[in-house]
1. Can you pull the one-decimal nm distance between simple spin-label points at MET57 and LYS145, each 7 Å off the Cα toward Cβ?
2. Evaluate the relative contact order of the chain (contact order divided by residue number), counting alpha-carbon pairs under 8 angstrom at least 6 apart; express in whole percent.
3. Ratio of alpha-carbon Rg to the 2.2 N^0.38 Å globular estimate for region 80-131, to two decimals, please.
4. At a 1.4 Å probe radius, which order do GLU111, GLU100 fall into by accessible area, largest first?
5. Can you give me the long-range amide H partners of ILE47? Hydrogens built in the peptide plane at 1.01 Å from N, cutoff under 5 Å, separation of 5 or more residues or another chain.
6. Amide H of THR83: which non-local residues (sequence gap of 5 or more, or other chain) have their own amide H closer than 5 Å, using H built in the peptide plane?
7. For region 74-125, what is the accessible area per residue in Å², given a 1.4 Å probe and the full set of protein chains?
8. Taking +1 at the Cβ of each Lys and Arg and -1 at the Cβ of each Asp and Glu, which of ALA65, HIS129, ALA78 sits farthest along the dipole of the chain towards its positive end, judged by Cα position relative to the Cα centre?
Amino acid sequence: MTNTILVLNGPNLNLLGLREPEIYGSDTLDDIAGMLEDRALELGFTIDMRQTNHEGMLVDWLHEAQADGVRAVLLNAAAYTHTSIALLDAIKAITIPVIEVHLSDPKEREEFRHLSYVGMAAALTVEGHGAGSYRLALEAVAAGKV
């Protein structure tokens, strides 16, 4: 097992900082990556941060995480959280712990966001802390909570 934490981001997260800042905040994905890389260094980890708008790529990266022996996956599947049985199955198929991450709290939003297929298999869910959700998830890995 490596000291790498794979951070996967789903559709539209490439638009963070521009897209609905009243919900998602003003931090860009690059801002979050920088914050995570700094905190990971302090904790003895490295970050591999990725983003895609394609469901199958997220599935492939989850499989790759298993093959590469990463320590954990932080997954913000964005809208795929609520629709993707493929991601549910991919998480169940690997032994690497997956932490579900959300900037906002889906339970405080539209009803269709209340169902989380990702959460059905994730080892932990961190939501509603803005960009800090990623940091809290990383710190949970470092503390051995997953």
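1. About 2.9 nm separates the two model spin labels.
2. Value for the chain: 27 percent.
3. The value comes to 1.11.
4. Solvent-accessible surface, decreasing: GLU111, GLU100.
5. Answer set, sorted by chain and number: ILE5.
6. TYR117
7. Result: 44 Å² per residue.
8. The Cα lying farthest towards the positive end belongs to ALA65.
The values are calculated or read from the model by the stated rules, or taken from the named source; none is laboratory data. Predicted, not measured: the structure shown is a model, and the values here were computed from it. Cβ: placed from backbone, ideal geometry, glycine included. Neighbour counts: every protein chain shown. Surface accessibility is based on the protein's heavy atoms, side chains included, excluding ligands, DNA and RNA. Shrake-Rupley method; radii C 1.70, N 1.55, O 1.52, S 1.80 Å.
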